[in-house]
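To keep things clear, I will list the structure first and then write my remarks on it.
Just so you know, all these numbers are worked out from the coordinates, no wet-lab data involved. Predicted model, so just to flag it, every value in this text is computed and none were measured. Cβ sites come from the backbone with ideal geometry, for glycine too, and all protein chains shown count toward neighbours.
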């Protein structure tokens, strides 16, 4: 099974104090054991780094720590390239579906997943994405 991980799942998986840490970390562990193939949209990699360094946790996650967390959990071969055409397609899709705020970034993840022929997208925000009505039923899973 090929699963594209969204930003919210990766943040929860990598931050032990996150309320959804256990269930999200279990999915990353499954990928590391080879029970599923984890993919990540190209844009999610830098968003993850930014999110980790901005979290209000103590001790703070330094840029060096964030780099180690990202590189230690995402292999370059797992990154789905996002083309400029894909970005514009997502802008159009967001306008058509009424997507707002983080939903737009999630639509880019969904677009990348569909382009990579992934089986699913894993997101903590699956209800919001289902509401958009432009996503196949069962494509977005909750961890």
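Summarising the label geometry, the points placed 7 Å from Cα in the beta-carbon direction at residue 87 and residue 37 lie 2.7 nm from one another. A helix-only calculation puts the chain at -16500 deg cm²/dmol for mean residue ellipticity at 222 nm, using -39500 (n - 2.57) for each DSSP H run of at least four residues, averaged over all residues. As a proxy for reagent exposure, ranking 8, 92, 119 by other Cβ atoms within 10 Å from fewest up yields 92, 119, 8. Going from the residue with the fewest nearby Cβ atoms within 10 Å to the one with the most, 70, 2 rank 2, 70. Take the Cα of residue 79, step 7 Å toward its Cβ, do the same at residue 2, and the gap between the two points is 1.8 nm.
Can you tell me the 0 to 90 degree angle between the C-alpha axis of helix 102-115 and the longest principal axis of the chain, rounded to 10? Tilt of helix 102-115: around 80 degrees. When 111, 21 are sorted by how many other C-beta atoms sit within 10 angstrom of their C-beta, beginning with the fewest, the order is 21, 111. Sequence-distant contacts, meaning Cα pairs under 8 Å at least 6 residues apart, place the relative contact order of the range 1-139 at 31 percent. Legend: calculated FRET efficiency, residue 60 to residue 21, from the Cβ-Cβ distance at R0 = 25 Å, rounded to 0.05, equals 0.90. The separation of the range 1-57 from the range 71-121, counted between C-alpha centres, amounts to 15 Å.
For P(r) over Cα pairs in 5 Å bins from 0, in percent, the value calculated from this model appears in (1) 2, 9, 16, 19, 16, 13, 9, 5, 4, 4, 3, 1, 0; (2) 2, 8, 16, 20, 20, 16, 11, 5, 1, 0; (3) 2, 10, 20, 23, 21, 13, 8, 2, 0 under label (3).
Pairs of Cα atoms nearer than 8 Å and 6+ residues apart set the relative contact order; for the range 82-143 it is 30 percent.
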